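Taking it in order: structure first as C-alpha cells, then the write-up.
Where a number appears in this text, it was derived from the coordinates with a stated rule and is not lab data. Please read these numbers as outputs of a predicted model, since none were measured by experiment. Note that each Cβ is placed from the backbone with ideal geometry, even for glycine, and that neighbours are counted across all protein chains shown.
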Amino acid sequence: MRNWVNKLVPLLLSQVLALVAVTKIKEAMVLELKPVEAAGFSLTILAGVLIFSVFILLLVRHGLVKVLSGFGYLALFLMNLSGISILISNSPFNDPLIPAIVISAVLTVLSNLKHVGDLFKCLGAGVFAACLATCFGAVFPVILLALLSVYDLWSVYKGPIKEVISRENPNGHRKHLLKPLTVRLGDVEMGIGDVLAYACMVSLTVKNLGFPLLIAPVASMYIGVVIVLWVVRRKGILPGLPIPFVFWAATYLSLLTMVGGGL
C-alpha cells in the first residue's frame, strides 16, 4: 500500500496545488464558452497537440535529441507561464507578466533536478490544470478531456506516439528522449499531459460539486489511474488518460446531473 502511495505523490502534489489555484482565480477572469464554442476551441487545441506530436516524431527520426530536449523544456516553460500569468494577474505587481516569467523560468530549471525535478513539473501542471478547469466554464474542460482521451488512445496504438515510444525503447534500452515532458511514478513513466489532465478532473470536481460529493468522482479517477499503472508495469504500454477519464466522467456527470441539472 505504501508503495502505491509513494508512486502517486507527484499526482497528489499537482492536484493539491490545482485546488489552491482554483480558489485564487477570480470570477471576472472566467469566460463561459457555449457548447459549440467549447467544442471548436477543444478541436483547435487537439490539432495543436497533434502537430506538436508529429513535430516530436520528426525530431526523433532525425536523431535531433538536443533539439527535442530544448523544445520539450520550452513547452514546459510555456505551460508554466500560461498558468502562473493567469494565477497572479490580480496580484499587486505593476506588471504581473515579469514575475510570471521569472517564476516559470525557475520552475522549468528546477524541473531538471535529478531527484525532485518531477515534483516541480507537477507544480506547473497543477496550476495550468486549474486555469483550464476554471477560466472557460464547465463545458469546455469536459469536451477537451474527452477528445484528448480519444486522441491518446489512437496516438499510443496507431499514431505518432507509438513510433516515438518504439524508438525510445530500442531492445529494452531507454533513451529518455522525452524526459522534459514525462514524470516518473515509481518504476512507471507517465506523460506530463496525463498529470495535467488528472489535476484538471479533480479541479472541476471540487469547483462544481464540492465536499462530500467530490469523493466519488475523485476516487473513481484514482481507480482508473491505479489500473493504468498496474497494466503498464506488466504490459509496458497503455494510454494514461482514457480509463481514468471514463471512470471519472461517468461518476462526475451523473452526480452533476442529479444535483445541478447537468453541465
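Computed values, structure above
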item: Extension gain (nm, one decimal) between I51 and A219, 0.36 nm per residue minus Cα-Cα; result: 57.2 nm
item: Unit Cα scatterers, Debye sum, the chain: log10 I(q)/I(0) for q = 0.08, 0.10, 0.15, 0.17 Å⁻¹; result: -0.31, -0.49, -1.15, -1.49
item: Three-way shape label, the stretch 81-149, alpha-carbon gyration tensor, a/c 1.5; result: oblate
item: Separation in nanometres of the label points that stand 7 Å from Cα toward Cβ, at L74 and W230; result: 4.2 nm
item: Calculated Rg and Dmax of the stretch 189-244 using C-alpha coordinates, Å; result: 12.1, 36
item: Gyration tensor verdict on the stretch 25-145 (Cα atoms; rounded if a/c is under 1.5, prolate if a/b is larger than b/c, oblate otherwise); result: oblate
